[in-house]
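Scroll down for the structure; my scribbles are underneath it.
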Amino acid sequence: MKVVVSQSMYFPWVGLLEQVRLADTFVHYDDVQFTRGFYNRVQIKTPNGTPWLTVPTRDRHRGQLIDEVRIDDREDWRAAHRATLRAAYRQAPHLDEMLGIVDRVFSQSADTLGHVGRASIIELSRYFGLDSGTRFCDSRDLGIGGSSSQRLHDICVALGGSAYVTGHGAANYLDHHLFEQSDIEVRYMDYQRAPYPQLHGAFTPYVTALDLVANLGREGLSFIRSGSVSWKEFTHEPD
């Protein structure tokens, strides 16, 4: 059973959906410290480049957890983001389907970054049918303490995982041997960054997956196809 543990992200890139596709259980890992990343921002593709859409936050302080960071609703950022997306993709063949996903996320009650990030991932996964074989859960609900490799290991054990699939950043800190001692295989994403037809110039894989929806609709599922490799292959560790 493959486990993926990831911080929730605002309308994430295709690579995050590829992790969902590989997961039997996807754990939203939002009871960890907020740092600069993609939890509240994402790039879109426009005729003038790849600007950021950023969810505004308020009363943020050092050490705050992602699912504690409050969204600043004093301005209607949802309407502004929707208008920006509509303008950027007005010529895309599946504009209305893309905006439908946005509207479903924005219609949900969300007062923290954890809320809007989880909704973003789940709505995109549902659109492409990636949720049919994947269980979603929140790390906070598992009641597992600790940090870093030990906590990730303990989450996998608690879920009955036989494999832990992760992004590339984990190579900087993950204790692979800890997982091996529990017969849990560590695998890293082998991102293919498969090019698909995009508007506005040369292909870039690092924009929101809403871009894939707008350009290809549900046929975009065929471009969500990256696999994974063993940690030894990824880190060039000798057997």
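Points to keep in mind about this one:
- Considering region 24-55, the residues that are farther than 26 Å from Asp103 by Cβ and out of contact with any Leu (no Cβ under 8 Å at 6 or more places or on another chain) include one that is modelled with the lowest pLDDT, namely Arg36.
- Enumeration of residues in region 215-231 that are in contact (Cβ under 8 Å) with a residue 40 or more places away in the chain, assigned to a helix (DSSP H, G or I) and either touching a helix residue (DSSP H, G or I) at 6+ places or on another chain (Cβ under 8 Å) or loosely packed, with under 15 Cβ neighbours inside 10 Å (or both): Leu216, Gly217, Arg218, Gly220, Phe223, Trp231
- Qualifying positions in region 116-146 - hydroxyl-bearing (Ser, Thr, Tyr) and under 23 Å from Arg70 (Cα atoms): Ser120, Ser139
- Total residues in region 169-194, condition in contact (Cβ under 8 Å) with a residue 24 or more places away in the chain and either in a helix (DSSP H, G or I) or over 19 Å from Val20 (Cα atoms) (or both): 8
- Only one of Tyr39, Tyr10 that is in a loop (DSSP other than H, G, I, E, B) and in contact with a strand residue (DSSP E or B) (Cβ under 7 Å, 6 or more places away or on another chain): Tyr10
To keep it simple, each residue is scored yes or no on (1) part of a strand (DSSP E or B); (2) farther than 27 Å from Gly143 by Cβ; (3) out of contact with any Asp or Glu (no Cβ under 9 Å at 6 or more places or on another chain); (4) hydrophobic (A, V, I, L, M, F, W, C).
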position	(1), (2), (3), (4)
Val20	no, no, no, yes
Thr35	no, no, yes, no
Arg78	no, yes, yes, no
Gln108	no, no, no, no
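- Residue count for region 121-143, restricted to those that are assigned to a helix (DSSP H, G or I) and of a type in the set (Asp, Glu): 2
- Put simply, of Arg118, Arg126 the only residue that is of a type in the set (Lys, Arg) and surrounded by 15 or more Cβ atoms within 10 Å (Cβ to Cβ) is Arg118.
- Scanning region 195-214 for residues that are assigned to a helix (DSSP H, G or I) and not charged (D, E, K, R), we see that the one that is nearest to the chain's Cα centre (by Cα) is Leu210.
The values are calculated or read from the model by the stated rules, or taken from the named source; none is laboratory data. What you are looking at is a predicted structure, and each value in this text was computed from that prediction instead of being measured. When we count neighbours, we look across all protein chains shown, and the Cβ atoms used for this are built from the backbone with ideal geometry, even at glycine.
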